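Single-structure report; data block below.
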Amino acid sequence: MSAVYTIVGAGTLIGGYLQGQGQQNAAEAGANAQMGAATMGIEEQRRQFDAIMKLLQPYTAAGEGALGQQQALLGLSGPEAQQKAIDELQNSPQFLAMTQQGENAILQNASATGGLRGGNTQGALAQFRPRLLSEVIQNQFSNLGTITSTGANAAGGLANAGATNASQIAALMQQFGAAQAGGAMGAGQAQSTLGGAILGGTGMLAGMF
């Protein structure tokens, strides 16, 4: 009879050990799978954000450059920068071509009307360049404003993408932490089951003697 009890006690001990060990292995495997999935998710989120940054970088860079030119034209970057920006416009192919065309038109009109050497013609020529330069500056500022707005929109989109990315990564990190905690709790429960089985089997064996 004692042999039967011995077998039963040993079986209980071994069964409890195997059960506890299986629970512990399952808990660890499950936790590792969850942590691996969370890690892959974090890496993918970062990869996507890097791709967005690469796509928007030319627009943000262009907007920053355009804003700097606007500030220079307004004199916000100092008088030297303002004068340099105006000189660049005056020496630009566009301004020189428009100046030549406009002055030629004034002279041709004066020639056709017989007033080539008149004071009106000289006054028109004297006023033409400053007026044209003012128009060119205004047009340039407006065109730069379009680029500045595009850059600002790109920067805003990048900021939104960054906030969304940070939120999603935070959620994945919480899942990672939860998986670690779950694995630890599962392993603890398995150890408790194993300890109970050992105590039960040992008690049964001890009761036989």
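Report the local net charge at residue 144: Lys and Arg +1, Asp and Glu -1, summed over other residues whose C-beta lies under 14 Å from its C-beta.
Values: positive: none; negative: 64, 88.
Combined, the nearby Lys, Arg, Asp and Glu give -2.
Largest accessible area first, the listed residues 67, 89 line up as 67, 89 when surface is computed with a 1.4 Å probe on the assembled protein chains.
The values are calculated or read from the model by the stated rules, or taken from the named source; none is laboratory data. Remember, it's a predicted structure, so these values are computed and weren't measured experimentally. Every residue, glycine as well, gets a Cβ built from its backbone with ideal geometry; the counts of neighbours run over all protein chains shown. The protein model used for the area step is the full one, side chains on, heavy atoms only, and it has no ligands, DNA or RNA in it. Shrake-Rupley method; radii C 1.70, N 1.55, O 1.52, S 1.80 Å.
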